[in-house]
Every structure is written in structure tokens, then in C-alpha cells.
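J.: I have a structure I would like to understand better, so I am pasting it below and will then ask my questions one at a time.
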Amino acid sequence: MNQHLISTTRGLVFLASTLPMAWLAWLAGNDALGANPVETVQRYTGLWTLNFLLLTLSVSPLRALTSQHWLLRLRRMLGLFTFTYACLHLLSFVGFDHDFSAQAIARDILKRPFISIGFAAFVLLVPLALTSNAWAIRRLGGKRWQELHRSIYLIAILACLHFLWLSKITEIVPPLAYAVLTGLLLWWRVQNRKQRAMPAARTTQVQAVKFFRKRPD
Amino acid sequence: MFHFTKPPASEITPEAQFSRRRLLIAAGMLALPSLSTAQNDQTLPYRRNPAWNPEDQPTPFDAVSSYNNFYEFGPDKDSPKANAQGLRISPWTVTVGGEVARPLVADIDEIIRWGIEERIYRLRCVEGWSAVIPWLGLPMSELIRRVQPTGKAKYVVFTSLADPAQMPRVRVPVLDWPYTEALRIDEAANPLTLLAVGMYGNRLPRQNGAPIRLVVPWKYGFKSAKSIVRIHFAEQAPRTTWNKAAPHEYGFYANVNPDVAHRRWSQESERRLGEFRKRPTLPFNGYAEQVAHLYAGMDLRRNY
């Protein structure tokens, strides 16, 4: 893909990523958020945080499967949209549920496991958002930066737990579906790492290959 | 024999007020134009009971009839309204039996003829939202008086319809169908307990539990079983649906109690449908004066 096409695609993805936000604003402006608008906003922003988290995690597998390496250039933007929707989600909790009262918020975070988990996931997202720029990568060095950003896997697991924990058994299907998708995306990474170890091994002697097949790491 | 408590004088509607009912119905229709939908246009003959008229403003009908938990029709708040409209609610009979001297099978229209009154109650859901609803119904105590429970009757068990042909989600075993709820007999006989057949001046919408449902305003909403087909007076406490599904989250009593948190969230406050800010939750949903004595000496933290 040429540079021009990539920038156009990035622009389109950026616009598409703001659509869920715009739709929510439209619903709010037209009094169409249903009988319990606060709950609607909280669920909606939570779901879209997860959607963007999964999209972000899909970039590497998609790139590997299609060899479309330019896809990587969408990842930072998708990650930052994850953070944006997470901020809106947190804001709806802090503002609507607790009237911005620090004491009430702190108590809820300490007392309710699903809120503790969700809050932990948000806190872990903050350093990733802050280091999502070229300056931070230079400053940290590629390796350290990458190590830091691996915490996205933990964040994804926490986000899925947060969703599962707050759901009743009668509405367990959506959080389970997200957990399964997250599981698949993480599983692909484990497999990918094993496979990447293999070719290196194949060039050496037969015995060494056997050794690597037994203990790929 | 179970002794029925006489209603206090404050509960008896004066004749003058009773005869004003036509005017009130007319006023109600004017105030709530959304009621005049085709399936719902049958008004009910009722008298307003001013003893149960809180200062709280009733929640808009549209909110109460579009935001429902009725898992036989689907998992989301808007699924009951979307999926319940095919439910056949006439003819409909309720079978009342068990430990009673005079068991009966009553048609819904017969129950309405026994005398329906309007009471405006607060409703508090275990999920943390609440509403104020003008119900039309028969006091449960009136049914108890008619069937005459024996001395063995300690509990009243309410069973909802579970017809997979009409209720698609009954095929999915997310809960142990049919939906079963129960009250201690003194709770059932409390003057507050209502068998509702209508709301906002009309018959119940299907998504709100037509044609007949329980309303126990001092307990979390899940105690108030919908679309009831069977009322059974029993000696032993039954296992109730949500209690079976998640015993640590949903107790048998399920009295509204801001001091006892749900496993996963606080019950200290609630959000009224149509309001933005939360408001504090009151013990027994504000009906402590009427029902607190039922639980004298009980540890309500253990009997949640």
C-alpha cells in the first residue's frame, strides 16, 4: 500500500472510531437512552472499551495472517481509542454513580471486587496511553517499551473478568463471548511465539529440533 | 385457622371518593395518552386507596412498561416488551390450593370482580434502580380470607407460567423454570401485599406480568412473581428461583435493606427511572412502619 492510501485509511479508521461516541451523543441529545440512561451510558462505554481493546489486540494476528504490515500503523490509534472509551466509562462511574465524591469512589473501589478489577485495568492503561508516542519509545528504548506494553494482555484479562463479574447468570453470554475472543487472541500469541522459535531450530541438527519441539521456549 | 387482620380505618375509601372514580379514570386517561394502545384499552373498575399514595411522583408509564426484567422473554431490559406481546392472557385462571379449607380456581375477570383498588407503591429492584407505580390490584389478604388457610399453612408459593411455546427463553435453562417465589404467610397477609392486575388505570401490559402478578413493595422486585398461574399454601418453605440460582446474592426474604450489600454492589442508594442522581435507599423501601414488626428479633444480616 502506498503512503497516500495508508493515510486515507487511517483517517477513515479515525472517523469510524468516533462514530460510537457520536451515536451516544445523538441518543442523549434526543432523549433516546431508554428508561435508565445512566445504565445505558455505562454499559455502552464499557462495551466499546472492550471492542477497541479487542480490535487493538487483533492488529498483530491480522498482520501476520495477511502480511499486510501497514496494519501495524493503525494500532496506536486503536489503542488510544480504547483509552478514550475507558475514560468515558470511568467518568460515567465517577460522575453519575458517585457525584465525583472521592471518598465514595474510593470506598466502592475497595469494597466491590468487580469495580476493583475494572479500576485496576484502567490504572494499567494510563502508562500505555502516556507512552503511545515516538518520544516515549525513543526515551524508553524499543525493548523496554515493548515490555511495558505487554501489560495490555493483563489489562484484557482484567477487563473480561470485570465484565463477567458484574453480569448475572441470565446475561452471561456476552461477557463469555468477549472472554473467549480475548482468549483466542492471547492464545494466538502463545502459538506464534512457539512457531517463531521453530524455524530457528530447524536449521540446526535433527536432535536439536527434537529438543526444541519438546521445550519450545 | 389463620386469623385475618382487619384493615385499619385509614385504608377504607370513603363513599364520596369511591364514586369519583369515573372522573379519576378520565383524568388519568388525559394525563397518560400513551395508554390508549389497542391491546390495552380496557380500563378496570377500581377505587383509589388514598392510604397508599406516597408523595413521590409516579414514574412515567413509558419507562415502567419498557424497562423490565422478565427472563422468560429474554435477557435484556427491552426484550420483554419486544417478545411478550404474543402471550395469551385471556382466558387465564389461577389455581389456589394447598393447605386451605376452600381451594379455588379463579378466572382473572372473576378476581377483578372481587374488588380492585389503586395503590401507588415504590418499587426497588435488587439491581439498584427504582420506580413509583400506581398498581391496580386485589389485596392478597382478601384472597387469603376467601380460601381460609389451615393452621398448617406457613408459606405461600407463587408460580409463574412457563410455556415454552409462548415464552421463548423458557427453553434456555438459565433459571430453574417455572419461576417460583414465596412469602411467609404473615408477609402474604400483610395489608401491603397486592395481587396486581393493572397499572396506570389499565390492565397490566404483558411485559409487566399480565394478567396477574404479585407486588410486595418492601422487598426487592424479583420477589414479585409475574404472570401467576398457581398460588399454593404450604407447610414447608420452598426453594425459590433466584435463591436456587445464586443463594449468596438473593436470599429468601430479600427485604430492601441499605445496610446489607448485594454480593457485587452496594444497596445504599438507588436510581429512580427518569432521574439522574442516585437517592438513598430506605429500610424496607420506606415501609418499615407497616412491616418491620414482621421481622422483630430476626438478624436481617443473616436473613437477607
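J.: Carbon and sulfur together cover what percent of the accessible area of the protein assembly as shown at a 1.4 Å probe radius?
T.: The nonpolar share, carbon plus sulfur, comes to 60 percent.
J.: Please compute the alpha carbon radius of gyration of the stretch B:52-295, then divide it by the globular-protein estimate 2.2 N^0.38 Å. Two decimals is fine.
T.: In units of the globular-protein estimate, the stretch B:52-295 measures up at 0.95.
J.: Kindly flag which residue pairs out of A:Lys111/B:Lys223; B:Lys77/B:Lys219; A:Lys111/B:Lys77; B:Lys81/B:Lys223; A:Lys111/B:Lys219; A:Lys168/B:Lys81 have an alpha-carbon separation exceeding 22 Å in this structure.
T.: A:Lys111/B:Lys223; A:Lys111/B:Lys77; A:Lys111/B:Lys219
J.: Please give me, ordered by residue number, the GluC sites (Glu not before Pro) of the stretch B:227-304 that lie in loop per DSSP and have at most 12 other Cβ atoms within 10 Å.
T.: B:Glu235
J.: Please give, to one decimal in nm, the separation of the simple spin-label points placed at A:Leu5 and B:Asn303, each 7 Å out from Cα toward the Cβ.
T.: The answer from the label model is 7.4 nm.
J.: Let me ask something additional. Residue-wise, which Karplus ³J(HN,Hα) couplings in Hz belong to the stretch B:58-71, taking 6.51 cos²θ - 1.76 cosθ + 1.60, θ = phi - 60°, and x for glycine or proline?
T.: x, 5, x, 3, 4, 5, 5, 9, 10, 10, 9, 9, 8, 5
J.: Using a 1.4 angstrom probe and counting only protein chains, how large is the accessible area of A:Thr40 in Å², to 10?
T.: Here the residue's solvent-accessible area equals roughly 50 Å².
J.: While we're here: Grab the other residues whose beta carbon is less than 10 angstrom from that of A:Leu166, score K and R as +1, D and E as -1, and report the net.
T.: +3
J.: Connecting C-alpha atoms closer than 10 Å in a GNM of chain B, tell me which of B:Ala165, B:Ala84, B:Ala182 has the biggest fluctuation.
T.: B:Ala165
J.: Residues in the stretch B:197-219, backbone N under 12 Å from the label point at B:Asp163 (7 Å along the Cα-to-beta-carbon vector): list them, ranges by number please.
T.: B:211
J.: Counting only C-alpha contacts under 8 Å and six or more residues apart, can you give the relative contact order of the stretch A:56-157 as a whole percent?
T.: Averaging sequence separation for qualifying contacts and normalising by length gives 20 percent for the stretch A:56-157.
J.: If we count every other residue with Cβ under 13 angstrom of A:Arg144's Cβ, Lys/Arg +1 and Asp/Glu -1, where does the sum land?
T.: +3
J.: For the protein assembly as shown, what does the helix formula give at 222 nm: sum of -39500 (n - 2.57) over DSSP H segments with n ≥ 4, over the residue count, nearest 500 deg cm²/dmol?
T.: Taken over the protein assembly as shown, the calculation gives -13500 deg cm²/dmol.
J.: Specify the residue with the greatest mean-square fluctuation among B:Pro134, B:Pro173, B:Pro191, computed from a Gaussian network of chain B linking alpha-carbon atoms under 10 Å apart.
T.: The residue that fluctuates most here is B:Pro173.
J.: Given 25 °C and 0.890 mPa s, compute D for the stretch A:73-134 with the Stokes-Einstein relation, Rh being the Kirkwood radius over Cα pairs; round to the nearest whole µm²/s.
T.: 195
J.: A follow-up question, please. Using the Karplus curve 6.51 cos²θ - 1.76 cosθ + 1.60 with θ = phi - 60°, what ³J(HN,Hα) values do you get for each residue of the stretch A:178-194, in whole Hz, with x for Gly and Pro?
T.: Ordered by residue, 3J(HN,Hα) equals 4, 5, 5, 4, 4, x, 4, 5, 6, 4, 4, 5, 5, 4, 4, 5, 4 Hz.
J.: Follow-up. Starting from the amide H of B:Thr150, placed 1.01 Å from N in the peptide plane, find each other amide H under 5 Å away whose residue is 5 or more places distant or on another chain.
T.: B:Val100, B:Ala101
J.: Right, another one. How much of A:Asp99 can a 1.4 Å solvent probe reach, expressed as accessible area in Å² and rounded to 10?
T.: Its accessible surface works out to 80 Å², give or take rounding.
J.: Given a Förster distance of 41 Å, report the FRET efficiency between A:Leu65 and B:Leu282 from their Cβ-Cβ distance, rounded to the nearest 0.05.
T.: 0.10
J.: Keeping all protein chains in place and using 1.4 angstrom, which order do A:Leu154, A:Leu130 fall into by accessible surface area, from largest down?
T.: A:Leu130, A:Leu154
J.: Quick one: Cα convex hull volume of chain A, Å³ per residue?
T.: Taking only Cα atoms, chain A has a hull volume of 175 Å³ per residue.
J.: Still on this structure, please answer the following. Per-residue accessible area for B:Leu175 at 1.4 Å probe radius, Å² rounded to 10?
T.: For B:Leu175, the solvent-accessible surface is approximately 10 Å².
The values are calculated or read from the model by the stated rules, or taken from the named source; none is laboratory data. This is a predicted model, so every value here is computed, not measured. Cβ atoms come from the backbone with ideal geometry, glycine included; neighbour counts cover every protein chain shown. To get the accessible areas, we keep the full protein, side chains included, count just its heavy atoms, and leave off ligands, DNA and RNA. Shrake-Rupley method; radii C 1.70, N 1.55, O 1.52, S 1.80 Å.
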